[in-house]
Amino acid sequence: MSTVPILSLREVTRSYGDFKAVHPLSFDIAPGESVGLLGPNGAGKTTTISMITGLLRPDSGTIKVKGQVLSSDTSPIKRAIGLVPQDLALYDELNGWDNLRFFGALYHLGGKHLTERMEHSLRFVGLLDRAKDKIKAYSGGMKRRMNLAAALLHEPEILLLDEPTVGVDPQSRNSIFENIAQLRTNGKTIIYTTHYMEEVERLCDRIIIMDHGKVVVDDNLNKLRNGGAQVQRLVLELSEPPTASVLDRIRKLGGVQSVSLEKNRLTTEVETLQPTTVLLLQELKNSSVGWTHISSERPNLESVFLRVTGDQLRDS
Ligand SMILES: Nc1ncnc2c1ncn2[C@@H]1O[C@H](COP(=O)(O)OP(=O)(O)OP(=O)(O)O)[C@@H](O)[C@H]1O
Ligand SMILES: [Mg+2]
């Protein structure tokens, strides 16, 4: 990384009792990067985010924000960070306005500046006209949007979003998503945790996948989708089932990793579509096997995710 990282984790660990939730974890994030932090339930994402925001102390290792060690919860460098927590952090009995005033005070904001920031944040998430209503009267989507507004009051450079769109309807999800996309365009550094892969595919350039407290993937999204480790799936519907010897020859074609046949449907996993598709069609032609339909599936983030984290359920 040529630029100085805005955030740097080195060998960070954290246990709960005997349970190691985060194993030595290291990564650097450049200013303006937009990173999807993914992982199955219990992978250690929230624990990691809580350490970055100073809410939890690492057992060992160092976290640097803009080159400065984040030593405690009161570290001034914490002002560079905004957190949208996984669990809503709002006071039900207070209205939206007073909630924001409270969060502003935590960052020592006050007076006219705070009022301006509150208005700006509320307008940004589309809640300015509901600010005088108590939070308990808000819908789930409005609460999530207010959670985002609270994180933006002190104009953080780095925004950590821990499942900010969970449990909301598609309209609110879209509105929150658009807000985050705007923040990204404005140059904020974004670390985004979600189980909605399509959001990450639209928003993030880089993907970090955690599992069992460790980083299992850290790569550019496009590289992950098109990278050599990933296979492309090529599906052909044949006019008739091929003989065993034709199948055998297909299996031995350059770049073919696996072949399976279900009725007339031939599914092959290939390293790259080019040139294996041409070789495969030529083989079918030579063997006088006709085909009626051909399609290919590009690996998406979900298939990458399942490949690296497996399909076992996590009930932690
Ligand atoms: N306060 C705690 N006490 C004991 N164990 C905890 C505590 N907080 C988290 N854990 C455990 O640590 C592990 C990592 O939890 P964490 O919340 O960081 O995961 P996550 O990746 O955010 O998961 P999710 O997708 O469900 O939000 C889990 O096994 C969890 O049960
Ligand atoms: Mg979590």
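The values are calculated or read from the model by the stated rules, or taken from the named source; none is laboratory data. The model shown is predicted, which means the values in this text are computed figures rather than measured ones. Glycine also receives a Cβ, built like all others from the backbone with ideal geometry; neighbour counts cover every protein chain displayed.
Each residue in region 169-203 was checked for being assigned to a loop (DSSP other than H, G, I, E, B) and either more than 16 Å from ligand 1 (Cβ to nearest atom) or among the polar types (S, T, N, Q) (or both), and 5 pass. Just for region 269-291: of the residues that are closer than 24 Å to Arg225 by Cβ, in contact (Cβ under 8 Å) with a residue 40 or more places away in the chain and among the hydrophobic types (A, V, I, L, M, F, W, C), which one is surrounded by the most Cβ atoms within 10 Å (Cβ to Cβ)? Filtering region 269-291 for residues that are closer than 24 Å to Arg225 by Cβ, in contact (Cβ under 8 Å) with a residue 40 or more places away in the chain and among the hydrophobic types (A, V, I, L, M, F, W, C), the one surrounded by the most Cβ atoms within 10 Å (Cβ to Cβ) comes out as Leu280.
When the strands (runs of 3 or more DSSP E) confined to region 1-50 are screened for residues that are closer than 15 Å to Val69 by Cα, those reaching at least 3 such residues are found at 7-16, 19-29.
Being modelled with pLDDT of 95 or more, more than 27 Å from Phe305 (Cβ to Cβ) and not charged (D, E, K, R) holds for only one residue in Leu266, Leu238, and it is Leu238.
Only one of these is of a type in the set (Ser, Thr, Tyr) and either over 23 Å from Thr194 (Cα atoms) or away from ligand 2 (no atom under 16 Å from the Cβ) (or both): Thr48, Thr62, Thr53. Name it.
From the options Thr48, Thr62, Thr53, the qualifying one is Thr62.
Going by the conditions given, is Leu7 of a type in the set (A, V, I, L, M), within 16 Å of ligand 2 (Cβ to nearest atom), surrounded by 14 or more Cβ atoms within 10 Å (Cβ to Cβ) and within 20 Å of the chain's Cα centre (by Cα)? Judged against the criteria, Leu7 is not a match.
Of the residues making up region 86-109, one or more are at negative phi, within 30 Å of the chain's Cα centre (by Cα), within 16 Å of ligand 1 (Cβ to nearest atom) and surrounded by fewer than 14 Cβ atoms within 10 Å (Cβ to Cβ). Phe124 passes every criterion in (1) touching a residue at least 40 places away in the same chain (Cβ under 8 Å); (2) crowded, with 18+ Cβ neighbours inside 10 Å apart from (2). Would you confirm whether any residue within region 257-268 is under 31 Å from the mean Cα position of the chain (by Cα), among the hydroxyl-bearing types (Ser, Thr, Tyr), surrounded by 15 or more Cβ atoms within 10 Å (Cβ to Cβ) and within 16 Å of ligand 1 (Cβ to nearest atom)? Within region 257-268, none of the residues are under 31 Å from the mean Cα position of the chain (by Cα), among the hydroxyl-bearing types (Ser, Thr, Tyr), surrounded by 15 or more Cβ atoms within 10 Å (Cβ to Cβ) and within 16 Å of ligand 1 (Cβ to nearest atom).
Per-residue answers, yes or no, for (1) at pLDDT 95 or above; (2) closer than 30 Å to Ser15 by Cα:
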site	(1), (2)
Leu234	no, no
Pro242	no, no
Glu262	no, no
Glu271	no, no
Pro275	no, no
Gln282	yes, no
Arg307	no, yes
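Total residues in region 51-72 satisfying the condition of being away from ligand 1 (no atom under 16 Å from the Cβ) and in a loop (DSSP other than H, G, I, E, B): the figure is 5. From the list Gln86, Gln68, the one residue that fits, being of a type in the set (S, T, N, Q), closer than 25 Å to Asn186 by Cα and in contact with a Lys or Arg (Cβ under 9 Å, 6 or more places away or on another chain), is Gln86.
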